[in-house]
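Since every read-out is calculated from the coordinates, none of them should be taken as a lab result. Everything numeric here is computed off the predicted structure, so don't read it as measured data. FYI the Cβ positions are ideal-geometry reconstructions off the backbone, even for glycines, and counts take in every protein chain you see.
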């Protein structure tokens, strides 16, 4: 039974953690990395020429900070806006609550976190503007912000991700109960052996 619950947990980890990570880092091909914030120069929008064949387009944001830890209380650190073809294509707050740690330097105390800003399902041939502005959180020492674009990216379906977390929870719960049951059986066997010794 314990092996079964371990397999359930592993399957959940693949769906809940591995699948979103692969969609963000591995699917499609990277178009480029664009710096939208430097501490010395401030925030500046970037314009990127995109074509319809590059959709779906995944947008990720790398946040490089010095010292401290990332904010995880739900307050937005940054806000991202993507405009093109005369309309808004994407507008999201970025909390970095579920961001992945991409790099860490012990010498400079710098950390780089990558957050998934979202997927633009359809594009038109033309120029798109990507702009980042500071969010509600002001207590983080931001060094730089980069935008990473990946063409032909896969979408992350939240129902699959949620199902993965549920499987992980079920696997852990089942494993705990299986371990408790195994210990109870061992206690019962030990008690039976002691009673046999007393009788003899």
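The mean sequence distance of close C-alpha pairs (under 8 Å, at least 6 residues apart), as a share of the length of the chain, puts its relative contact order at 38 percent.
The shape of the chain comes out prolate: with a ≥ b ≥ c from the C-alpha gyration tensor, a/c is at least 1.5 and a/b beats b/c. Each of 187, 21 has some number of other Cβ atoms within 10 Å of its Cβ, and from fewest to most they run 187, 21. Could you work out how far helix 158-199 tilts from the main Cα principal axis of the chain, as a 0 to 90 degree angle to the nearest 10? Rounded to the nearest ten degrees, it is 20.
The simple spin-label model puts a point 7 Å past each Cα toward its Cβ; for residue 182 and residue 38 those points are separated by 5.7 nm. Per residue of the chain, the DSSP helices (runs of n ≥ 4 H) give a summed -39500 (n - 2.57) that works out to -10500 deg cm²/dmol at 222 nm.
Across segment 36-147, the mean sequence separation of Cα contacts (distance under 8 Å, 6 or more residues apart), normalised by length, yields a relative contact order of 46 percent.
Once the Cα atoms are used to define both axes, helix 2-13 deviates from the longest principal axis of the chain by about 10 degrees. Kindly provide log₁₀ I(q)/I(0) values, in the same order as q = 0.10, 0.12, 0.17, 0.19 Å⁻¹, from the Debye equation applied to equal alpha-carbon scatterers of segment 39-139. Computed log10 I(q)/I(0) values: -0.32, -0.45, -0.83, -0.98.
Look at 75, 29 and count the other Cβ atoms within 10 Å of each Cβ; fewest to most, that gives 29, 75.
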